[in-house]
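Step one of this worksheet: look at the structure below.
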Amino acid sequence: MRIMFLGTSAATSFPLVFCKCRVCEKARINKGKDIRKRSSLIINDDMLIDFGPDVVTSAAMYDIDLTKVKYILQTHGHSDHFDAGHLITRLKEYAAENVGHICLVASVETVKSLDRHMKSEEPEVDLFDEKWLSRLNMEIKYIHSGDCIRLGEYSVTAIESLHDIGENSLIYIINYNDKNILYGTDLLRISDRAWIILKTFQLDIVILDHTYGAGFNAGGHLDALQVIDIVRKMKKEKIIDEKSMVYATHISHEGNDTHDAMETLAVKNGYHIAYDGLEINI
């Protein structure tokens, strides 16, 4: 299994466009791993998690052919995770040729949000109308927390994230060739119901929201101290072991530091800081 981080920033990108705080200014000087695009992940070239606004740019930078994508797992519909302007170009009106079939997976509530975004590009579009889905050469599979569905060689389990209850936002466990990956961005906390599901898995890779640094939390996301607690509990519950790899993503400038400074702290607590273009093969 091959995974690549196409983006690792929170909604505001990193550095924040108009910000001149110490961390943003350092990022502009350092460049490299300190420049982050909005969070997204691709698995084996054919499964994309979150079709955000920076996906096309990232794909071009990292030599990813998005025409090979067969499945999109959408965690929720916030604008840093979904770009309707990209998806609408699947229509023949945009002169797209030989557009391959895509299956999009999300909660019903999230699809309603995506539909609203799509209508901002094309007022007549309707993601709940089979005729429009046919025009987009796309199908939608609805999923809720606790559900497990099969997508080709993948098995996907959904878990509630509590990030946006109105959208029934989700995180996902993806199984492929007996390897399990948890993609847990935009996570408010891990609920008791979520822990029950997680305890049924042995995870090879864990990817967690790290929007805020230690001692700073503006809500809706995890901070560094929460990530540390989750990693410890996962080890205690034997959800992960010494061979498991844990990475932080969805990183903002709020309470966080440069990549190298964050990595130094993270490794002391059993995880790593992801960066744009990071590729992992397991």
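None of the figures in this text is laboratory data; all of them are computed from the coordinates on show. From a predicted model like this one, the values you see are computed outputs, not experimental measurements. Cβ coordinates were reconstructed from backbone atoms using ideal geometry, including for glycine residues, and neighbour counts include every protein chain displayed.
Observations
- Set of segment 32-54 residues, backbone N closer than 20 Å to the point 7 Å along the Cα-Cβ line of residue 216: 32-39
- When the charge dipole of the chain is built from unit charges on Cβ atoms (+1 for Lys and Arg, -1 for Asp and Glu) and taken about the Cα centre, the candidate among 184, 30, 61 whose Cα reaches farthest toward its positive end is 30.
- When the P(r) of segment 171-282 is calculated, the portion above 22 Å amounts to 27% of the C-alpha pairs.
- Over the chain, DSSP H runs of length four or greater, each weighted -39,500 (n - 2.57), average out per residue to a 222 nm ellipticity of -7000 deg cm²/dmol.
- Ignoring the sites themselves, the chain has its longest run without trypsin sites (Lys or Arg not before Pro) in a DSSP loop having at most 16 other Cβ atoms within 10 Å at 71-188.
- In this Cβ point-charge picture (+1 for Lys and Arg, -1 for Asp and Glu), segment 2-281 has a dipole of about 680 debye about its Cα centre.
- Among the listed options (1) 6, 21, 19, 14, 14, 14, 9, 2, 0; (2) 6, 26, 33, 26, 9, 1; (3) 7, 30, 37, 20, 6, 0, the one matching P(r) over Cα pairs in 10 Å bins from 0, in percent as calculated from these coordinates is (3).
- Virtual spin-label span in nm between residue 264 and residue 191, 7 Å along Cα→Cβ: 4.0
- Charged-residue dipole, Cβ positions (Lys, Arg, Asp, Glu), segment 16-83 about Cα centre, Debye nearest 20: 500
- Spatially proximal lysines relative to residue 235 (Cα-Cα < 18 Å; intrachain offsets below 8 disregarded): 179, 199, 243, 268
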